[in-house]
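A quick write-up on the structure given underneath.
The values are calculated or read from the model by the stated rules, or taken from the named source; none is laboratory data. Only a predicted model underlies this, so the values are computations on that prediction, with no experimental measurement involved. In this analysis, Cβ positions are derived from the backbone assuming ideal geometry, glycine residues included, and neighbour counts consider all displayed protein chains. Surface accessibility is based on the protein's heavy atoms, side chains included, excluding ligands, DNA and RNA. Shrake-Rupley method; radii C 1.70, N 1.55, O 1.52, S 1.80 Å.
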Amino acid sequence: MKNYDTILIFPDLHLPFHHKHAFKFLAAVKAKFKPDKVISLGDEIDGHAISMHSHSPDLASPNSELEMVLSAIKVLYKIFPEVDLVESNHGSLYYRRAAANGLPKRVIKSYNEILEAPKGWKWYPDLVVYSGEKPIYFCHGQSSDVLRNSKNRSMSYIRGHHHSKFEIRYWANSLGLYWGVTSGCLIDYRSLAFEYGRTMLDKPILGCTVIKKGIPQLVPMLLDNKGNWVGEL
């Protein structure tokens, strides 16, 4: 199994409802840390118009939303031509909708075809990747208790899905030190797509995670009082 020195992980983007400076932020993180592996924790797209839940009539139609996604994500392809992505509840909405209406997955386009993605973008149910000579488990979301998830896997563990959590929690046993990471998000939480969270006390935390020789580091995306990225890491 290949061992990676530096892994850049970007969390939930929910295209096209991502923060307007999310790509600039990720490009700056890439330039600073020079990763030899890039992983997405899923929810790369939102799929608001085809959601299983209620959605705003003031937002785009399914076709128009997909066009907006393609316009945005093609910029990301240029910054990150190779990315491993884990499947997620929003990212898989086209397949979930098809299954709910009796269509087998084999008649639906692949992720790469739907998103016009380069060959370097590959989707997996979950991933185990080595850094610092130790395995790390990557997924979109399981139990909300990231420490229990890490212990159940008997390895370090990182996930997305929980927008208002941006944390590293450590634990140890007789074999060594382990950690669990919840990796925040990079959404525009003021968008109508996230209107459901308007009255929630806990708000989304913007940032991403870098793993260097097996040790995680949170990289917050600092904003000014107008919601703009301040341009610092």
Per residue, how much accessible surface does the range 40-196 expose to a 1.4 Å probe? Answer in Å², no decimals. 50
Within the range 138-233: Cβ-based charge dipole about Cα centre, in debye rounded to nearest 20 (Lys, Arg +1; Asp, Glu -1): 320
So, by mean Cβ neighbours within 10 angstrom, what's the order for 11-18, 52-59 with the highest one leading? 11-18, 52-59
Using alpha-carbon pairs under 8 Å, 6+ residues apart, how would you state the relative contact order of the chain in percent? 24
What is the log10 of I(q)/I(0) for the range 1-77, computed with the Debye formula using one identical point scatterer on each Cα and no solvent, at q = 0.17, 0.22, 0.26, 0.27 Å⁻¹? -0.73, -1.01, -1.26, -1.32
How far, in nm, would the chain grow between residue 155 and residue 112 when pulled straight, counting 0.36 nm per residue and subtracting the alpha carbon separation? 12.5 nm
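So how strong a dipole does the chain carry about its Cα centre when Lys and Arg Cβ are +1 and Asp and Glu Cβ are -1, to the nearest 20 debye?
Details: 29 positive and 23 negative charges, 112 e Å.
Rounded to the nearest 20 debye, it is 540 debye.
Rank by packing, highest mean first: peptides 116-125, 206-215, with packing defined as the count of other Cβ atoms within 10 Å averaged across residues.
Working: 116-125: 14.8, 206-215: 20.0.
Descending mean neighbour count gives 206-215, 116-125.
Taking only complete DSSP H runs, can you tell me which helices of the chain stretch 15 Å or more along their own long axis by Cα positions and average at least -0.5 on the Kyte-Doolittle scale?
Qualifying helices, which must be both long enough and hydrophobic enough, are 22-33, 62-79.
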May I ask you to give the average projected area over all directions of the convex hull of the Cα atoms of the chain, in nm² rounded to one decimal? 13.4
For the chain, what does the helix formula give at 222 nm: sum of -39500 (n - 2.57) over DSSP H segments with n ≥ 4, over the residue count, nearest 500 deg cm²/dmol? -6500 deg cm²/dmol
Placing +1 on each Lys and Arg Cβ and -1 on each Asp and Glu Cβ in the chain, then taking the dipole about the Cα centre, the residue among 79, 218, 199 whose Cα reaches farthest towards the positive end is 218
Any chance you could check the Cα centroid distance between the range 135-179 and the range 180-218 for me, in angstrom? 16
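Summarise the accessible area of the chain (1.4 Å probe, protein heavy atoms) by the percent that is carbon and sulfur.
53
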Answer with one residue from 181, 107, 17: the one whose Cα lies farthest towards the positive end of the charge dipole of the chain, charges on Cβ with Lys, Arg +1 and Asp, Glu -1. 181
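Using mean Cβ contacts within 10 Å as the protection proxy, how do 73-82, 36-45 order, highest first? Could the numbers behind the result be given before it?
Numbers: 73-82: 14.9, 36-45: 24.3.
Order by mean packing, descending: 36-45, 73-82.
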